Structures are given as structure tokens and as C-alpha cells.
Amino acid sequence: MKHVFSVRIGPVGFRVGSDWREPIRQLAALYAGYPQPEDGVPDFTVRLFAQRPWRRVIRPAVMIGGDFMIPDAAPLPLAQGLLAAEMAMNLQMALGQRRYLLLHASAVERDGRVLLMTGESGSGKSTLAALLSQRGWRLMGDEFALIDPITGLAHAFPRLVSLKNAAIAVAEAAMPQARFGPLLKGTPKGAIRHLVPDAAAVAAMDTPGKPALLLFPRFGFTPDIRDVAPGEVFMRLTQASTNYVAMGERGFDALTRLVLGIPAQAIDYPDTGHALAQVEALWNAL
Amino acid sequence: MSEDGEQRNDIPEREGVSTGRRALMLGAVGASAIVSIRPALASTAVSIVHCQIPVPDAARASGWIAADGSVVPSGTAGAFAPPRQPLKGEAVKQALAGGQLPGVEYERSQAYMKYVRNLHSGTSGFTCFASLQMPRG
Amino acid sequence: MAAVYCAAQAEALRIVPLDTLTAIYHRASGITHLVGPPVPEILAALGPDGLTLGALIARLGETYDLLDADEAALGARLDELVAAGLVRTA
């Protein structure tokens, strides 16, 4: 691997090796200001490689690899190399993380307490987290929330926020001063643009918070708020966690404690304005 | 036997010996009271990385796809030449929902999809196929 | 002789009531089960020494107001528990 990039994001250090310079150049630019892996030792290695030597140059396609790999992973065109790197880092976490219980959720913090938002792709959890970070909340992450099984605290993992399709324009309009990565069109999920977490998020990435509220947002519905009972929350979170089963009893303890300790609501919303108001109202009612 | 079917939740088991026993239903024979948590691994992890399904798998790379999805020698009458590139996970997901594979005419798309539906564990593409069928939490 | 149904040893199970549902972690298998009534009540009544189906229905009837005391229904619950590995027959 000729080109290398290392970074620490929250408690996790990554080393990314690439057959091409451009994805590394983009990562270094967007993650500028982030620390290096602790003691220089990364937790996970990511490899962006060409399937055959000539594919480095001819119709270059980036294969995703690293400590943990998935069969059937589709390569991406080199123009989407940044997306490949981000997906590869997600994959290492999804398959290899054992220190923290992973929830597929965005997380924002205020006054030491954490709001978690979980849902399917397109639910709006990344967009809402980005918008809340403009309104007095600290962004902890948009893809994974890390729950410490011993303390129950949520740890920040502020990767580049992945905005898709219509959400890109919403974020660009709301945050004109923010730093964005390149606009990537024609990805398997449509258009993607990455948003760089603000300086406050990066500076506070080692400060955990106490989970206080869990929301299941759904974008594109008439406004509605419904309580979700702990049994259903537990069921849905096991589906939203890639390492719940692998964590064994620690995962069970962490998740039951989380589910019994915080309220959970489903919020349906037609647009982000409604969602932001619903979030503030529910938070203030805690 | 009490006619009152209301659940009284607050009375713990061992107290209240004679009056105030909590109601308990055994449930119907065909119903289920246990859900075992299955690993979400296959769906979530593969969704994180866009996956693809080679048609047919590398072991039978020279084969063609018959109308029923089986792999047959190339040139077999009525069978279709395989796609040049593996099928993208997103395209297969839409086709599973009742659409058609993009850029592929109807009968060929049906044949390819029958091949995909017949995939089993161990065949290249199966992990991708399995992940497409599970809702991502 | 009627089958005796025995619950897994207490140390083998982590039982956490959530609401009407209860989460059970089975240490031997590492599997988590989400269960509804009457499963926790059955496990508590059986204990490791176990009971026959008839004795179980009687024991449950002492502690609870059984609205549908039906041996077939209880048998179905016990079959589910055996399939899940939480109860074994002796």
C-alpha cells in the first residue's frame, strides 16, 4: 500500500492503506485536526485495493478490505474512493468492535446528557444530528453510538456525517459555513456528501455522556409522537446493533440497563423544522 | 374461576395469598411467547458495504442462465447469457420488491432473479442476497 | 410416567423484566430470548427440580388466577421452552 492515513476518532484508531493517492488526500484534508491513534497503534486497519494490478489504472475500482472483510462486497469507482474508505471503516467497527456495544444511531449531547436517534436509512438521524449541532448540541456521531457496558455511558465517535440526496441541500442551506467533502453522485444509494464535524465536536470527542432519551425518527409522515415500551425498544435495538450477539452477557447487561434507564419515543415528521421542534419539546419534558 | 379478565399488575407473586391473585393467561396453542434474538450481523454489516451478486458464481462462470434460474452450458437454447458484471445489491433489492433489474428485458430479468432466489449458503453472492431480505434496523 | 419439565439452573439464566415482556440471557448458549407471560411464571414455578405438566398447572393455579387453564395450551408453552433450550425434560 503506497499511500497511508492514520486517525483516531473517539476511542478508535484507524490506519488506512490505499493503492491510490486521492482517497488518502481527501481523508487527510477532511479529518485535519483529528488526533492520531493512541501511542501510534491503530485498532483497525483498512485497505483500499485494486482487484488486479491493472485495475489500479484501467477503469479503477476500489475494493474494500481490512482486518475484517465481507464476501460479495461491491467495489466502487475511484471517484467514490472517499465513500469506500468510510464504508470500510464502518465495516471494521461493525464486525470487529468488542469494547463498546454499538448502536446504529446518531448521538448529540447537551449538558452531559445524550440524545440517541436510531432508525433505518432515510429516517433522518444523520441530518437531524447535523442540524442539532448548529443549535447548541454537541455532535457525538451520526452512524454509531458507542455504549460502555461497564458505565452505561455513550462515547463519541464523530466520523464524517454522511448526508444523502435531499438531505444534502438541507444541510448546505442550514450550515453554509460548515466544511463539506466532495459531492459524490451515482453511488448505489444516490448522491452522497460528507459533512465535517465542527471544531467543538472534535475537541470534545473524548468526553462521554449519559444517555437520556432515545428517539425513533421517521421522515416523510404526518407529525406524530408515540411512546415506545421497553420490550419493543429492546427488540428494535438488537436489530440496530451489529455486535449485540458477539458481546454476549456484557451486551445483554448494557442493553437492558439502557432500555430500562431512558424513555423512548417514535417521532414521525414531514420536514426537519417539525422534527427539531419535537426533539426540543421532548428533551425539555424530561 | 374469576370472570374478570383484567390484568392486575401490581401484586407480586408470593404475597396476597387468598385474595388478589394476579391474572395469568396461558395463551393459544398456536401462538408464541418466545422470540429469540437472531444476529443482525448479516443484514447490518453487509448493508454498510454495498454488496453484489455474481451471476453465476465464479465456480460456474462460463454457464448460462436458463429460464428457471438453473445454470446450464453456454449456448443452451432458450437460456440467457449471464450479465457481464455482478448484479448490484440495490438493483436486486428493487427486483425482489416486484420491479425489474435495470437495463434488462423482462424474461432475462426473471431468469436472473430465479438464479438469485435459488442461492444457498456457501455460494458466492448468498450473503448479499440474505442481507437484502432483512429489514435494516 | 408423565414427563417432568425442569427449568435451567438459576445461574444459567439472567432474567430482566422490561414491561409485559421479559428479556432472558441464557448463559450456556449466549442466546437472548424476549419472552411474554406466562413464560417467566412457568420458569419460576418449575425450578431446577421440575414438575409434570399436571403438577405445573396446579402450581400455577395456586399462585395465579388462571383464565384459560388448558393443558394443551400449557403444553404448547412448554414445547416452546424446550425448543428454546430454557427447559429440559427429565
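None of the figures in this text is laboratory data; all of them are computed from the coordinates on show. Worth saying up front: this structure is predicted, and the values here are computed from it rather than measured. Please note: Cβ atoms are built from the backbone with ideal geometry, for glycine as well, and neighbour counts cover all protein chains shown.
How far apart, in nanometres, would the label points at residue A:4 and residue B:118 be if each is projected 7 angstrom from Cα along the Cα-to-Cβ direction?
If labels sit at residue A:4 and residue B:118, their model points lie 4.8 nm apart.
State, as an integer percentage, the relative contact order of chain A based on alpha-carbon contacts under 8 Å between residues 6 or more apart.
16
Taking the Cα centre of each part, how many Å lie between the range A:140-207 and the range A:54-122?
If we compute the Cα centre of each part, the gap is 12 Å.
I want to check the label-to-label distance for residue C:6 and residue A:57. Put each point 7 Å from Cα in the C-beta direction and report it in nm to one decimal.
7.2
What relative contact order, as a whole-number percentage, does the range A:3-96 give when Cα pairs under 8 Å and 6 or more residues apart are counted?
Reported relative contact order: 25 percent.
Could you work out [θ]222 nm for chain A from helices alone, using -39500 (n - 2.57) per DSSP H run of at least four and dividing by all its residues? Round to the nearest 500 deg cm²/dmol.
-9000 deg cm²/dmol
Looking only at Cβ-Cβ distances, which cysteines of the protein assembly as shown have no other cysteine closer than 4.7 Å?
Unpaired cysteines in the protein assembly as shown: C:6.
Quick one: if the Förster radius is 45 Å, what FRET efficiency do residue A:221 and residue B:59 give, using the C-beta to C-beta distance and rounding to 0.05?
Given R0 = 45 Å and the Cβ-Cβ separation, E is 0.45.
Answer with one residue from A:153, B:20, C:32: the one whose Cα lies farthest towards the positive end of the charge dipole of the protein assembly as shown, charges on Cβ with Lys, Arg +1 and Asp, Glu -1.
A:153
Treating only the Cβ atoms of Lys and Arg (+1) and Asp and Glu (-1) as charged, compute the dipole magnitude of the range A:44-122 about its Cα centre; round to the nearest 20 debye.
Here the range A:44-122 has a charge dipole of around 360 debye.
Whole-Å semi-axes of the range B:41-133's equivalent ellipsoid, largest first, each the root of 5 times a Cα gyration tensor eigenvalue?
Equivalent-ellipsoid dimensions as semi-axes: 22, 15, 10 Å.
For the charge dipole of chain A, defined by +1 on Lys and Arg C-beta atoms and -1 on Asp and Glu C-beta atoms about the Cα centroid, which residue among A:231, A:252, A:23 has the Cα displaced farthest towards the positive pole?
A:23
In the range A:101-284, what % of DSSP beta bridges are antiparallel (nearest 5)?
Around 70 percent antiparallel, to the nearest 5.
At most 10 other Cβ atoms within 10 Å and a DSSP loop assignment: could you name the trypsin sites (Lys or Arg not before Pro) in the range B:83-137 that fit?
B:84
Output the relative contact order of chain C, whole-number percent, from Cα pairs under 8 angstrom with separation of 6+ residues.
37
In debye, nearest 20: dipole of the protein assembly as shown around its Cα centre with unit charges on the Cβ of K, R (+) and D, E (-)?
Dipole magnitude for the protein assembly as shown comes out near 2580 debye.
Assign one of three labels to chain C, namely rounded, prolate or oblate, based on the Cα gyration tensor with a ≥ b ≥ c the square roots of its eigenvalues; rounded applies when a/c is under 1.5, prolate when it is not and a/b is larger than b/c, and oblate otherwise.
Oblate, because a/c is 1.5 or more while a/b does not exceed b/c.
Calculate how steeply helix A:81-96 sits against the longest principal axis of the alpha-carbon atoms of chain A, using the helix alpha-carbon long axis, and give the answer as 0 to 90 degrees to the nearest 10.
Tilt relative to chain A: about 60 degrees.
Classify the range A:199-286 from the C-alpha gyration tensor, please: rounded if a/c falls under 1.5, else prolate or oblate depending on whether a/b exceeds b/c.
It is oblate, given that a/c is not under 1.5 and a/b is not larger than b/c.
Note down the magnitude of the dipole of the range A:101-284 about its Cα centre, charges +1 on Lys and Arg C-beta and -1 on Asp and Glu C-beta and zero elsewhere, to the nearest 20 debye.
360
Rounded to the nearest 0.05, what FRET efficiency do residue B:29 and residue A:189 give with R0 = 45 Å and r taken as the Cβ-Cβ distance? Could you check?
It comes to 0.50.
Going by C-beta contacts inside 10 Å, put B:36, B:62, A:133 in order with the fewest on the left.
Fewest-to-most ranking of B:36, B:62, A:133: B:62, B:36, A:133.
Going down the table (A:125/A:185; A:2/A:189; A:2/B:114), which pairs top 32 Å between alpha carbons?
Going by Cα-Cα distance, A:2/B:114 fall outside the 32 Å limit.
Mind sorting A:206, C:19 by how few other Cβ atoms lie within 10 Å of their own Cβ, fewest first?
Ascending number of Cβ neighbours within 10 Å: A:206, C:19.
Specify which residue in the list A:51, A:200, B:55 is farthest towards the positive end of the charge dipole of the protein assembly as shown, using unit charges on the beta carbon of Lys, Arg (+1) and Asp, Glu (-1), about the Cα centre.
It is A:51, whose Cα lies furthest towards the positive end.
Going by the alpha-carbon gyration tensor, a ≥ b ≥ c the square roots of its eigenvalues, is the protein assembly as shown rounded (a/c under 1.5) or, if a/c is not under 1.5, prolate (a/b greater than b/c) versus oblate?
Note, shape of the protein assembly as shown comes out oblate.
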